[in-house]
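The values are calculated or read from the model by the stated rules, or taken from the named source; none is laboratory data. Keep in mind that this is a model prediction, so the values were computed, not measured. Because the Cβ atoms are built from the backbone with ideal geometry, glycine has one as well, and the counts that use them run over all protein chains shown.
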Amino acid sequence: MLCYLQELTYEEAARRAGCPVGALRGRLERGKERLRKRLAEYGLPLAAPALLLGPPAPVSAALASATLDTVRTVANGGRVPAAIAGLVGPRTGFRVAFLAPLAVALTALGAVLAGSERPGAVAEPPAPPAREVAGPPARVDPFGDPLPDGGLVRLGTMRSRAGIHTFGLRADGTVVTVGPLFGGGKWDQKIGVRTWGPRSDASEAPVPLPLKEYNPALFPQVSLDGRFVAAGTTAKVVVWEWTSRAKEVAAFPIERARGLALSPDGSRLAVAHEKVALCDVRTGAVRELEPGPAEVLCFSGDGRRLMAGSSERVVVWDVATGKRLADHKGETLGGGVPSALDHTGSVIAALPHGWGEDRVRFLDAITGEPVAGLTGPEVEIYGGVVTFAPDGKTVLLGNKDGVCWWDPAAGKLIRQFDAPSSTAAWFERQQARLTPDGKVLVWHTQQALFRWDATTGKPLFPQAQGTGHTEEVKALDISPDGTRVATLGGEPGVRVWDATTGRQLFVLPSSIPTDVDNADFSPDGRFLFTLSRKRDAVVKWDVATGKEITRYVVGTPEELRTSTLCAFRLAPNGRIVHGVLDDLFRKSARMVQWDAESGRILSERTVTNRGQEDGYQGSFSPDCRWFAGAESLFPVELGPTAKAIALEKARPIGMYVFSSDSRLLALTGWSVEAPATPSDPACHAVVLDVATGAKVFEMPVRWCTGFAFHPDGRSLAGAESDGLVFWDLVTGKEYARRKAHARHPIDPQPFARVMRYFPDGTKLVTGHHDTTALIWEAPVRPKGAKVLDEKGRAALWDDLASPDGAKGWGAVWGLADDPGAVAFLRGKVTPVPALPAKEFDPLLADLGSEAFATREAATEKLKAALDRATGPLRAALKAELTAEQKLRVEQLLAAWPGADRRPLTGDRLRGVRAVAALELAGTAGARKLLAELAAGAADATITREAKFALGRVSR
């Protein structure tokens, strides 16, 4: 009434009705669809009310007001007035006096709906008297969908997005999809069905299938006409007839099923287990066929033949008799993977097996020989599914650019249907089908549904299909000024967004990030660094134009065939790009540094991957000094051959996340004490001290693998299965939660895989499996600072050297929050002076003494002062030395493990943590003391730490 009779905007109508804009819009779309279906049952068009009753009369203000009051009452849980309830009672006829105005409303509504999809913006009527509203209106995204509590902006859209395994098509163009759902907050996985109206980019609410357990290894199936759905547990397979709910029509006690296929009319079900079972859905009869492959299981278009196939074997049966018609070995098909049977089951469409450019082949189902006169399209990657179009002659194939419609007889492309960001069928059975009337093409990924006009190739819902990712968001970064966000999804392409409006600015053709969790903005925000699409280079992009500027390459084309860049990071000063090129076949990797301006390689060295199967999948720290991966933490300058900190005891899973100052490392670890169970995954969020490898914080969690440290270094955000959790590292307690609207649709993983705080710490952005990213308002950590007395400061000074991570960092935070700590530390930590010439020169001379005892004594004294002596020793190598002096100087420098050696103990550890306290204090006095410490001997550990800290606080 408000939208289509009074012509109010969605926003004003929602305000008048007292509901969110997203809810109003969704109800209107569902209402239109239901009205259209009801009228269609009588053969009437949507405009029928107007045609029958004539033009609408004005709707009275009293009727509008009464209707609104009723809507608000019911929406708030109230009872429907008796006068209205009586109108729809089972034994009460229509009351003409009340129904007359409603008929007028229906007339107007039908007329408006027939020619309009949404109300236009018109002059708003005078606002009604103010009413008390229970809380502020819910925030919505640009599509009208609600944001979770605490959410500010959604990057991407929920429209045309859902967990999808496969789909069917009804005669009117309605799409029926089946896919994974969550249930109950436990490990119980559920499968659900969604229906998508032909004119809507949003589905009806998913309806779970009535299974007590769901076998995730067995993909459910939908019949071609969308009428039947099949799914199973580990003990049985069930078929339902699907209208608006699930009606079980057959159940077959088949254990450990590996594959399913419904015949086009849903009358038969093929099940691959130890053998291939052919089940009659109507009678419940089961015919066991001989053992066969189960990679592909499909019926011919007429349902008379069944094929089971893999790259090694293909078998074809007659459905009516169960007779085996053909049994081909893989080499007979040229190594191809069978994908589909044509309408009569006489032709097999086979995909090429393996990587490299090749074509789809069309083979005689009985002889296995190529069919003369049929040429297939080229396929660049293994994956996707070939399907025959309703005409039985042309085929559809998902490829790297979306879906191609191909005519094998002519050997030509009929039409290409482009998916956003060149979405590819990456090892998934993503089918493409035409609606029965041939007017609409439908395709899907695991998380998105695509629909195009088959005649023009244009998307039916361009805004939904062209906005955002179509796979899980796996990596992201924020520009230094906080105005832009870059996201990477499971499909190729980096999207750059306006962080205030959520508007997608442009897309860059980058790689699938897999386990790479970063895309790096330059310090000035002008450039963005990502991995190349083939993961053989790091690419520098101009953020303003979206153009490629520089490509950082290492290795020959031959070497890159077995190697990939598995991690990279831009140095904080923006001058050096660090990368790791991993070669699992050679059990080695190369750590590379490039000049960020020219792309020239500055350094390159080969390191061993310690026999780890995962190689160097891991992360560089923000300051590029440390690398966490292969279950170890080591300094980049020295490599993994140095004394690395082993992480095996933490039993890490998922990604490694460093704090912004690179001093803390967060990860998820399996519990050592107790194994995982369905009720308790036995995971722990663990924070480690990079200086020692000791635990600073540990908390039991449910599948928490996404983390972000707050820029203040005192709190940690994590993503559990049902929302965000915020921990105060100082107290070790949780201080806030944010509930998610929807959780991971496939398994009980965290609803956000990756997250980052904005530079000012007031917001954070999270990347999700539902293809979107969310920008949240960051909750404020309760402040608990207190002023210490001298005794308290002295106790914390002692704790700075503690091997206990929690105690040591408790001292860091305690001193950082104490106003008097800087003056206290000034008397405790002093710059390390370089070894003066008057001390160094005699020791250097003694290294060449004829007396062995003198040479040994000088060596020991220099070894004890290596922090101060390495600079003079390097300089001495350039001067004239005796053979004995040169040998001992080289031995001393070789013995110097470097300022970044870890783990630290004693006074070195105390000094490093004191510098951390000064950096976190961030006062003018703290910065001044850091500057003094940074001016000490260049190779001293505390000098190096102070230089990095001073650089961060200066930025």
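Summary table below
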| quantity | calculated |
| --- | --- |
| Selection within the stretch 262-281 - charged (D, E, K, R) and either modelled with pLDDT of 95 or more or buried (at least 23 other Cβ atoms within 10 Å of the Cβ) (or both) | Arg268, Asp280 |
| Options Gly179, Gly185, Gly168, Gly192; residue that is of a type outside the set (Ser, Thr, Tyr), closer than 18 Å to Ala432 by Cα and modelled with pLDDT under 90 | Gly179 |
| Matching residues in the stretch 786-816 - criterion: being within 16 Å of Thr731 (Cα to Cα), at pLDDT 95 or above and outside any helix (DSSP H, G or I) | Asp804 |
| Pairs, first closer than 22 Å to Leu873 by Cβ in the stretch 894-922, second polar (S, T, N, Q) and in a helix (DSSP H, G or I), C-beta under 6 Å, six or more apart | Trp896/Thr870; Ala899/Thr941; Arg908/Thr941 |
| Top-ranked residue of the stretch 327-360 - restricted to ones that are surrounded by 18 or more Cβ atoms within 10 Å (Cβ to Cβ) and small (Gly, Ala, Ser), ranked as modelled with the highest pLDDT | Gly345 |
| Residue satisfying all of: in the stretch 495-507; β-branched (Val, Ile, Thr) and part of a loop (DSSP other than H, G, I, E, B); surrounded by the most Cβ atoms within 10 Å (Cβ to Cβ) among these | Thr500 |
| Sole residue being free of Cβ contacts under 8 Å to residues at least 60 places away in the same chain and not polar (S, T, N, Q), chosen from Asp804, Asp799 | Asp799 |
| Pairs, first within 11 Å of Arg227 (Cβ to Cβ) in the stretch 243-266, second among the hydroxyl-bearing types (Ser, Thr, Tyr) and surrounded by 15 or more Cβ atoms within 10 Å (Cβ to Cβ), C-beta under 9 Å, six or more apart | Leu262/Ser223; Pro264/Ser223; Pro264/Ser300; Asp265/Ser223; Gly266/Ser223 |
| Given (1) closer than 22 Å to Lys323 by Cα; (2) surrounded by fewer than 18 Cβ atoms within 10 Å (Cβ to Cβ); (3) modelled with pLDDT of 90 or more, number of the condition Glu241 does not satisfy | (1) |
| Condition broken by Gly392, with the remaining ones in (1) assigned to a loop (DSSP other than H, G, I, E, B); (2) modelled with pLDDT under 85 satisfied | (2) |
| Output for the stretch 201-237, where each listed residue is under 13 Å from Arg258 (Cα atoms), touching a Gly at 6+ places or on another chain (Cβ under 8 Å) and basic (Lys, Arg) | none |
| Any hit, the stretch 199-219, residues being under 18 Å from Arg282 (Cβ atoms) and in a strand (DSSP E or B) | no |
| Test: residue in the stretch 466-483 that is out of contact with any Gly (no Cβ under 8 Å at 6 or more places or on another chain) and within 29 Å of Ile414 (Cβ to Cβ) | yes |
| Where Gly906 falls short, out of the listed (1) within 25 Å of Pro803 (Cα to Cα); (2) in contact with a Gly (Cβ under 7 Å, 6 or more places away or on another chain) | (2) |
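Per-residue answers, yes or no, for (1) among the acidic types (Asp, Glu); (2) modelled with pLDDT of 95 or more; (3) crowded, with 21+ Cβ neighbours inside 10 Å; (4) assigned by TED's automatic domain parsing to the domain that holds Asp437:
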{"position": "Gly120", "(1), (2), (3), (4)": "no, no, no, no"}
{"position": "Asp149", "(1), (2), (3), (4)": "yes, no, no, no"}
{"position": "Val153", "(1), (2), (3), (4)": "no, yes, yes, no"}
{"position": "Thr174", "(1), (2), (3), (4)": "no, yes, no, no"}
{"position": "Thr234", "(1), (2), (3), (4)": "no, no, no, no"}
{"position": "Val237", "(1), (2), (3), (4)": "no, yes, yes, no"}
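Conditions tested, residue by residue: (1) more than 30 Å from Arg952 (Cβ to Cβ); (2) among the polar types (S, T, N, Q); (3) at pLDDT below 95.
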{"site": "Arg451", "(1), (2), (3)": "yes, no, no"}
{"site": "Gly466", "(1), (2), (3)": "yes, no, yes"}
{"site": "His469", "(1), (2), (3)": "yes, no, yes"}
{"site": "Lys474", "(1), (2), (3)": "no, no, yes"}
{"site": "Gly482", "(1), (2), (3)": "no, no, no"}
{"site": "Gly493", "(1), (2), (3)": "yes, no, yes"}
